[in-house]
1. Any residue at all in region 178-199 that is within 20 Å of VAL260 (Cα to Cα), touching a strand residue (DSSP E or B) at 6+ places or on another chain (Cβ under 6 Å) and modelled with pLDDT under 80?
2. May I ask you to say which residue of LEU170, LEU160, LEU146, LEU156 is crowded, with 19+ Cβ neighbours inside 10 Å and touching a helix residue (DSSP H, G or I) at 6+ places or on another chain (Cβ under 9 Å)?
3. If I ask for residues that are of a type in the set (S, T, N, Q) and closer than 22 Å to LEU23 by Cβ, which ones from region 248-286 would you list?
4. In the set GLU59, GLU41, which member is surrounded by fewer than 16 Cβ atoms within 10 Å (Cβ to Cβ) and among the acidic types (Asp, Glu)?
5. Filter region 245-262 down to the residues that are closer than 29 Å to LYS7 by Cβ and either out of contact with any Gly (no Cβ under 8 Å at 6 or more places or on another chain) or among the aromatic types (Phe, Trp, Tyr) (or both) and list them by number.
6. Looking at region 162-173, I want the residues that are under 13 Å from GLU130 (Cα atoms) and have a partner that is among the charged types (D, E, K, R) and buried (at least 17 other Cβ atoms within 10 Å of the Cβ) with Cβ atoms under 9 Å, at least 6 apart or on another chain. Which pairs are those?
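The values are calculated or read from the model by the stated rules, or taken from the named source; none is laboratory data. Predicted, not measured: the structure shown is a model, and the values here were computed from it. In this analysis, Cβ positions are derived from the backbone assuming ideal geometry, glycine residues included, and neighbour counts consider all displayed protein chains.
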Amino acid sequence: MKFWITKNAEVSVRAQIVTQIRLGVASRDLSAGEKLPSTRELARRFGIHANTVSAAYRELALESLVEFRKGSGVFVAENASRESRPKSINSLFTDFLGLALASGFSRTEIESEIDLWRHSGTRKKLVLVESDLGLRSIIEEEIGSLLDRQVGSISLDEFLSGDYDKGAVLVALFDEKEKMRPVLSPDQKAVFIDVNSVPHALIGSERPDKTKLIAVVSGWKQFVGFARIYLLAAKIDPEALIVRSTSEKGWQAGLESAAVIICDSFAAKHFPKDRRVRIFRLIKESSIEDLKHALA
C-alpha cells in the first residue's frame with residue numbers, strides 16, 4: 001500500500017498514518033497478516049520522527065487493526081482475513097436440480113415450481129445493519145440504485161436484540177462481522193461488504209487543479225474526514241477546500257465557488273446534472289457481486 005504523507009498539512013502526520021491504514025484495512029488494500037513498514041523505515045521515507053509512527057501504530061493496535069509481533073514487526077491483524085467467495089449461482093442451481101431429481105421429483109414438477117416462484121412477485125428482502133444514519137443513507141442509495149432493490153435498515157443494537165425479519169438477507173460492513181457472528185443463526189444469510197479506498201473510488205477522475213476550490217460534501221462525517229485527509233496528503237492547499245456536512249443547516253452556502261465537488265452517491269442527489277460532481281462509490285464492485293449471488 002502506498003502512503004501519502006504531507007508534513008506541513010493542517011492534519012497531523014500521526015492522523016494521516018492512522019487514517020490511511022484504517023481505510024487500507026476497510027477497503028482490503030491491506031490484507032490480514034500483511035507486514036507494514038517498520039517504524040524506522042516509514043520515518044526515514046518521509047523524514048518524520050519515529051515516535052510519530054510508533055504513536056500511530058499504537059493507536060491502531062488499541063483498535064485491534066494491527067498487531068506487534070516480537071522480533072518481526074507490525075502486521076495487519078488476523079481478524080481482517082477475507083473469506084472465500086461463495087459458489088456461483090450456476091453451481092448452486094446444479095446442486096439444487098440434482099437433489100430434486102434424486103428425491104424423485106420430475107423435471108416437469110421442478111420447472112412448474114420454478115415458474116410459480118418466478119411469477120409470484122416475491123423478492124428476498126435486504127436489511128442493512130448500520131447504526132450511523134449518514135452512512136446508512138449512502139449504502140441504501142448505492143445498493144438500491146445498483147440492484148433495483150428497496151433496502152430496510154436497522155441498528156446494530158436492534159440486530160443484537162433479534163428485532164428484524166429472519167427471512168431477509170442481512171447486509172453490513174465487514175468490520176461488523178465479529179460483533180454479529182455470535183448471534184447469527186447457521187441458516188441466516190448475511191453479506192459483509194467491503195468499502196473502496198478514496199483513491200481507488202476516484203480512479204479515472206481528473207486530478208483536481210490545486211489552484212481551484214474543491215468541495216467535499218457528505219452526510220457521513222467519516223467520509224468528509226477521510227476525503228479531506230487524502231486531499232491534504234495529495235498536497236491540496238487547505239485554503240482551497242470547502243467541507244460541508246449535509247446534516248448541517250446552510251450546508252450549500254459557498255458551493256457555487258467550487259470547481260470540483262467530491263461527494264457520496266446519496267449527497268450527489270442534491271446536484272442533478274452538475275458536471276462538477278465526482279461521485280465516491282463506497283461499496284466495492286466485488287461486494288455488489290456478492291449481494292447479487294445472495295439474492296439469486
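1. no
2. LEU170
3. Answer for region 248-286, where residues must be of a type in the set (S, T, N, Q) and closer than 22 Å to LEU23 by Cβ: SER265, SER286.
4. Residue meeting the stated conditions: GLU41.
5. The answer is GLY254, SER257, ALA258, ALA259, VAL260, ILE261, ILE262.
6. Short answer, once both residue conditions are applied: VAL171/GLU130; ALA172/GLU130; LEU173/GLU130; LEU173/ASP194.
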